[in-house]
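One structure is given below, encoded as structure tokens.
Laboratory data are not the source of any read-out in this text; all were calculated from the coordinates shown. Note that the coordinates shown come from a computational prediction; the quantities given were computed from them, not determined experimentally. As a convention, Cβ positions derive from the backbone with ideal geometry for all residues, glycine included, and neighbour counts pool all protein chains shown.
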Amino acid sequence: DFKRVAGIKKSPSEMTHEEIKKEVRVGGTEEVPTLEEVIEFISGRVGLFVEIKEPEISEKIAETVKNFRSYSWIAFISFYEEALVRIKTSLPDAVTGLIYMRPHGKIVEAKKIGSQIVLPQWKLGTEKAIAFAHRLGLKVVSWVINDEKTAKEVLSRKADAMATDLPDFLFKFRKSLM
């Protein structure tokens, strides 16, 4: 739902596009962009994770992205294996990633469904788990990293990347390492 980012306890599926544009303001000021608007704005300048929170809209997301023809800089991620399988059915060469926090050990499942990325909650992304994922050819993105202590811990475990709610923090942290 929009509670964390805008203080509105409604999910996107409970609102029309017009209601979202009119009522929801991220951080109190920013309008919620459509997926098309985000893709057009970014246009391959940076990578993009598209998180699928409802498996039943996977095909619609795939169709939207397919219309842009070039999506090599987009990875589709989800807690739902079904959503990623649906994306792979629509876009066989799409990069996908399985997010998990429970149950433990989704690395093998991610590999079985053809994902290239696993995204464990940082506590589950142990050095041993990350090494196992790497042996299977998977990239590891630990989440949610919002403080320096956790960032240093995840870095020491050799995760490939970190996800955060605070991009400014992670940018400054990365800069401090150079």
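A few points about this structure:
- Cα centroid separation - the stretch 92-106 against the stretch 1-80, whole Å: 19
- DSSP-defined antiparallel bridges as percent of all bridges, the chain, nearest 5: 15
- Dividing the summed helix terms, -39500 (n - 2.57) for each DSSP H run of n ≥ 4, by the number of residues in the chain produces a 222 nm estimate of -11000 deg cm²/dmol to the nearest 500.
- Three-way shape call for the stretch 1-53 based on the alpha-carbon gyration tensor, with the a/c threshold at 1.5: prolate
- Of the cross-linked pairs 111/149; 111/139; 22/66; 66/106, those separated by over 22 Å at the C-alpha level are 111/149; 22/66; 66/106.
- Dipole magnitude (debye, nearest 20) for the chain, charges at Cβ of Lys, Arg, Asp, Glu: 880
- The stretch 82-178: C-alpha gyration tensor shape, a/c 1.5 cut-off, then a/b vs b/c: prolate
- Cα gyration tensor shape for the chain, rounded if a/c is under 1.5, else prolate or oblate: oblate
- Projecting the Cα atoms of 29, 162, 8 onto the charge dipole of the chain, computed from C-beta unit charges around the Cα centre, puts 162 farthest toward the positive end.
- Amide H to amide H distances under 5 Å link residue 100 with 119, 121, where only residues 5 or more positions off or on other chains count and H is placed in the peptide plane.
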